[in-house]
Amino acid sequence: MSRRRATGTSRTASSSSVLSDGRLERWLAAVVATPGLTAIDDPEEARHVLLDKALTALPLLGDGPVVDVGSGGGSPGLPLAAERSDLEFVLLEASRRKAGFLEGAAKELANVSVLCARAEEHGAGAGREAYGTALARALAPPPVAAEWVLPLVRTGGIAVLYVGLSTDETAVSTVAGELSAELEESPPGFLVLRKTGPTPERFPRRPGVARKRPLA
């Protein structure tokens, strides 16, 4: 597999500016207070997990638009959008209830929009190869997440997967190869996949198929 060094903006992941942003303070409080968005009930832990850890991807972001796939309560998309107001962010969420929450939170960020749809449906329609960067955090096992997000990325763009330290990189690289992408050298906690060509016509597969029959 090819392992080029991951590239992106030269900005470093610092939460100093966004931590003082009242919009994100209100968002964090709302996430903790809203049932079904997070199991975290401590505000400081929520800040660490949902904001600080989300921002560790800041140096990896490529071109826009950026799509946060399975955005849930809005992490990592909302913190990154607050820090990168020059990029357009789309929060993609299949749950109508969660999308409704996101729509309320996104009103305070002019560069954020919300779309209620499954990744497979969006990747087969208007979202196919429409994004410069795709993000996936706690979406699905990494090989499955890779199959869901890569059809959304245009040639030359990147998918950034938040992963654990024990992730099977070989499996993710195999899936990437099936979808015209390659695994780049990535920092701990991430896998960065570079799209090298158009998405093959057979992808995305129908909703639910990737989880039931993963490519690797």
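Between D52 and A117, the modelled label-to-label distance comes to 3.7 nm, taking each label 7 Å out from Cα in the direction of the beta carbon. Cα convex hull, the chain: 111 Å³ per residue, rounded to a whole number. Note that segment 195-204 has calculated 3J(HN,Hα) couplings of 6, 9, x, x, 5, x, 4, 6, 10, x Hz, one per residue in order, obtained from phi through the Karplus relation 6.51 cos²θ - 1.76 cosθ + 1.60 (θ = phi - 60°); glycine and proline are x.
Considering only T133, S95, G70, and ranking their Cα positions along the charge dipole of segment 17-173 that arises from unit charges at the beta-carbon of Lys, Arg, Asp and Glu, the one farthest toward the positive end is S95.
Here segment 24-181 has 52 percent of its accessible surface on carbon and sulfur atoms, given a 1.4 Å probe and all protein chains in place. Couplings 3J(HN,Hα) of segment 92-103, computed from phi: 9, 9, 7, 7, 4, 5, 5, 4, x, 4, 4, 4 Hz, in residue order, whole Hz [Karplus 6.51 cos²θ - 1.76 cosθ + 1.60, θ = phi - 60°; x for Gly and Pro]. Would you please name the trypsin sites (Lys or Arg not before Pro) within segment 126-216 that are DSSP coil residues with at most 12 other C-beta atoms within 10 Å of their C-beta? Passing sites in segment 126-216 are R202.
Ordered from highest to lowest accessible area with the whole protein assembly present and a 1.4 Å probe, D63, D52 read as D63, D52.
When only DSSP loop residues count, what GluC sites (Glu not before Pro) in segment 143-216 have their Cβ near at most 12 other Cβ atoms within 10 Å?
On the way: sites: E147, E169, E178, E182, E184, E185, E201; in loops: E201.
Hits after loop and neighbour filter: E201.
Backbone amide hydrogens, once placed in the peptide plane, bring V114 within less than 5 Å of L91, excluding anything fewer than 5 places away on its chain.
Subtracting the Cα-Cα distance of A30 and D63 from their residue separation scaled by 0.36 nm leaves 8.9 nm.
For the chain, give the magnitude of the charge dipole about the Cα centre (Cβ charges: +1 Lys/Arg, -1 Asp/Glu; no others), in debye to the nearest 20. Numbers along the way, then the final one.
Working: 25 positive and 26 negative charges, 122 e Å.
That gives a dipole near 580 debye.
The mean accessible area for residues of segment 131-199, using a 1.4 Å probe and ignoring ligands and nucleic acids, is 31 Å² per residue. Around the amide H of E129, modelled in the peptide plane, lie the amide H atoms of L152, V153, all under 5 Å away and 5 or more residues distant in sequence or on another chain. 3J(HN,Hα) couplings calculated from phi for segment 210-216 with the Karplus curve 6.51 cos²θ - 1.76 cosθ + 1.60 (θ = phi - 60°) are, in sequence order, 4, 6, 6, 10, x, 5, 8 Hz; Gly and Pro show x.
The values are calculated or read from the model by the stated rules, or taken from the named source; none is laboratory data. Remember, predicted model here, so these are calculated numbers, not experimental data. With ideal geometry, Cβ positions are generated from the backbone for all residues, glycine too; neighbour counts draw on all protein chains shown. In case anyone asks, the SASA skips ligands and DNA or RNA and just uses the protein heavy atoms, side chains included. Shrake-Rupley method; radii C 1.70, N 1.55, O 1.52, S 1.80 Å.
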